[in-house]
Amino acid sequence: MDLSYRMRLLIVLISIGVLAGGGLVVKRLLIPDSFGVYGPYRADAIVEAALVPIRHGTNASCFKCHPYEANIHKNGRHHTISCEFCHGTYADHVKNGKKTGTLPVKKGKEITTLCLRCHNTEIKARKEKVIKTVAMPDHLKDQNVKITHNCNQCHHVHAPLKYIIRAKQITGLMEAGS
Amino acid sequence: MDTAYSFAAMPISNYVFPNDLHVHWSMMIVLYPYITGLVDGAFIIAALYYLFDIKTLRPVARFSLLFALAFLCCATLPLLLHLGRPERNLNMLLTPSPTSAMAGFGYIYAVSMGVLVFIVLFVYRPDLVELRVTSKGWLQFLYRAMTFDSIDLSEDALVLDKKIIRFLVGIGIPIAVVLHGYVGFIFGGVKANPTWSTPLMPVIFLFSACVSGICAIILAYIVIRKIKGRTIDHRCIKTCIKTLTLFFILAFAFEMLEVFSHSYLRTGYHHMVEGLLNGPLADSFWFWQVKIGSVIPLIILGVMGIFNIKDRLYDFMAAVVSTILLLQVFLMRWNVVIGGQLMSKSARGYTEFHPEWFGKEGILAVIIVMVIPFIILFVFSRIFPFWTTGNETDV
């Protein structure tokens, strides 16, 4: 081709224009259809999210098959805590009203780790009046026990003050019924 | 130590929300403004020559363009490394929204890349045409593409080139300023962080960007010329240092003004910002960034500006001051980006940053990201000659 320099530059300029225009077309093609119906996101995403199977059941869903734990849990200080936080999800355990899977049950040291996820003084996210925290190992030292003790050796995991209140009642530190 | 107790060993103070314990924007986000800053400053040097006709800058003008281009190529690398799913980054460009600051950056980046590439092509056209004739094979093909397949070097064509360069550099300046000002804006736009969300942020970033870029050019010019055993154009260094002095005074003044306005206004979060600068950042901000990194260079620059200094010593001082200022700007980025995240939204506690060695955002990755632009620069040097050859006095 025998084009003048100016011509060539013009062609370069036009190509840039064409490329940019082409980019806009490609952009249009790539944007999902339902984008922007409600806002700058895919409207279909809402439908898809609604179709995701539900995995959590709430505490009420556990009670009918676990009346023993339910009874303790409901009357203890942990009554506001979700069973599933400590045990895993309903979906991993029950399908169509039948037990289909085993849930993890923490043992020994794991229990201490679990309790400290919420009760460690070092986690200062919430105030003492919302959740009581303990410093480790001071809390165990205060009770004059070895620091290898696990929390569930004194606290009932489902009703953490159950035995402690009981103990205080027996020793007369607290009146029965409180 | 048992994991259950290990929290007790953390050097956090007071109330820190669990989601504030960990610094989420780590070293890669420090590099991001640093690299775009280098691009900006280098471009300013080129602009001073090509648009404002500061002739003494001629020896470094072409080099600054390539330097800017090499770093611009890597400007998004740290961001991509920071992302959990880097392959999704283009999605944001498909569906930009006024509430997405990052999409804006993507577009500004693309435009500045395009403009810079064309500036380089036009600036180098005479050389490229010459090289095209002597080259063979795929290299020749490359040169043909880069010269728009034209060997027209007539007076008329060169005059046209000059005009185009002026035009491109002319629009290049606002684009470069927007590019880096935007980086500052992205931080300034984070309402949740009181150290960042000030309207001064883009200004501070912009001026310190110019400082770092000019320093990088001075240092690179001196080092490369020395290694190659070639002469150093003293007048050029002098002009660079003068420009640097101006930008550095502005940058430092604004950095300090920001601190002053924080402490004078005593806004709701002031106690946190003050505690941050005097607590966790006492060393890296007051001592390293301000005393060592800013006051000392200011004195050196003052001496260089006022007294008559021998050329060789002057060049040496230029290299020293550039090195210190390059570190100062890096520290400034560090103190803003990482420092700003060391305080909890609880407005009551501070946390600590522990850099990791390996990993996507570790120290090793930082080193690699900073080396890549130099590799690109080396590759460029094979295609585009840095310095005009032959006539040494006329470099």
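With only alpha-carbon atoms counted, please give the Rg and Dmax of the stretch B:205-353, in Å.
Rg and Dmax of the stretch B:205-353, Cα atoms, are 17.8, 58 Å.
Within the stretch B:23-57, what residues put their amide N at less than 18 Å from the label point 7 Å along the Cα-to-Cβ vector of B:H234?
Counting only backbone N, you get B:56-57.
Let me know the Rg and Dmax you get for the protein assembly as shown when you use only its Cα atoms, in Å.
My reading of the Cα-based Rg and Dmax gives 31.7, 109 Å.
Report, to two decimal places, the Cα Rg of chain A normalised by 2.2 N^0.38 Å (N = number of residues).
The value comes to 1.95.
Can you give the net charge of the other residues whose Cβ lies under 14 Å from the Cβ of B:T76, counting K and R as +1 and D and E as -1?
So the surrounding residues net to 0.
Using only Cα atoms, what Kirkwood radius does the stretch B:100-173 have, in angstroms?
Values: mean 1/r = 0.0733 Å⁻¹.
Mean inverse Cα-Cα distance, inverted, gives 13.6 Å.
Taking 8 Å as the Cα distance limit and 6 or more residues as the minimum spacing, I'd like the relative contact order of chain A as a percentage.
Relative CO of chain A lands at 16 percent.
Limiting things to C-alpha atoms, what are the Rg and the maximum Cα-Cα separation (Dmax) for chain B, in angstroms?
22.7, 79
Given the pairs B:K242/B:K310; A:K132/A:K162; A:K74/A:K162; A:K64/A:K107, which span a C-alpha to C-alpha distance of over 20 angstrom in this model?
Pairs exceeding 20 Å: A:K64/A:K107.
Among A:H139, A:L161, A:C151, whose Cα projects farthest towards the positive end of the dipole of the stretch A:119-161, with charges put on the beta-carbon of Lys, Arg (+1) and Asp, Glu (-1)?
A:L161
Only Lys, Arg, Asp and Glu count, each charged at its Cβ (+1, +1, -1, -1), so figure out the dipole size of the protein assembly as shown about its Cα centre, rounded to 20 debye.
Taking the Cα centre of the protein assembly as shown as origin, the dipole is about 1280 debye.
With charges only on Cβ, +1 for K and R and -1 for D and E, what is the dipole size of chain B about its Cα centre, in debye, rounded to 20?
Computed about the Cα centre, the dipole is about 480 debye.
Suppose R0 equals 45 Å; then what is the FRET efficiency for B:V190 and B:A145 from their Cβ-Cβ distance, rounded to the nearest 0.05?
0.60
Where does chain B land at 222 nm, in deg cm²/dmol rounded to the nearest 500, when only DSSP H runs of n ≥ 4 count, each adding -39500 (n - 2.57), divided by all residues? Write down the numbers at each step before the final one.
Working: 14 runs with 254 residues, N = 395.
It comes out at -22000 deg cm²/dmol, rounded to the nearest 500.
Where the only charges are on Cβ atoms (+1 Lys, Arg; -1 Asp, Glu), what is the dipole of the stretch B:180-257 about its Cα centre, to the nearest 20 debye?
Dipole of the stretch B:180-257, to the nearest 20 debye: 480 debye.
Return the single residue from B:T195, B:T239, B:T36 with maximal mean-square fluctuation; model: Gaussian network over chain B, springs between Cα atoms under 10 Å.
B:T239
Could you please report the charge total around A:H56, scoring K, R as +1 and D, E as -1 over all other residues with beta-carbon less than 12 angstrom from its beta-carbon?
Combined, the nearby Lys, Arg, Asp and Glu give -1.
Express in whole angstrom the spacing between the alpha-carbon centres of the stretch B:41-119 and the stretch A:1-79.
So the two Cα centres are separated by 28 Å.
With Cβ to Cβ distances under 15 Å as the rule, what net charge do the other residues near B:F52 carry (K, R +1; D, E -1)?
On the way: positive: B:K55, B:R58, B:K162, B:R166, B:K242; negative: B:D53.
Every neighbour counted, the sum reads +4.
Answer with one residue from B:S97, B:V123, B:V133: the one whose Cα lies farthest towards the positive end of the charge dipole of chain B, charges on Cβ with Lys, Arg +1 and Asp, Glu -1.
Going by the charge dipole, the pick is B:V133.
Read the figures in this text as sums done on the coordinates, not as results from a lab. Everything numeric in this text was worked out from a predicted model, so none of it was measured. Please note: Cβ atoms are built from the backbone with ideal geometry, for glycine as well, and neighbour counts cover all protein chains shown.
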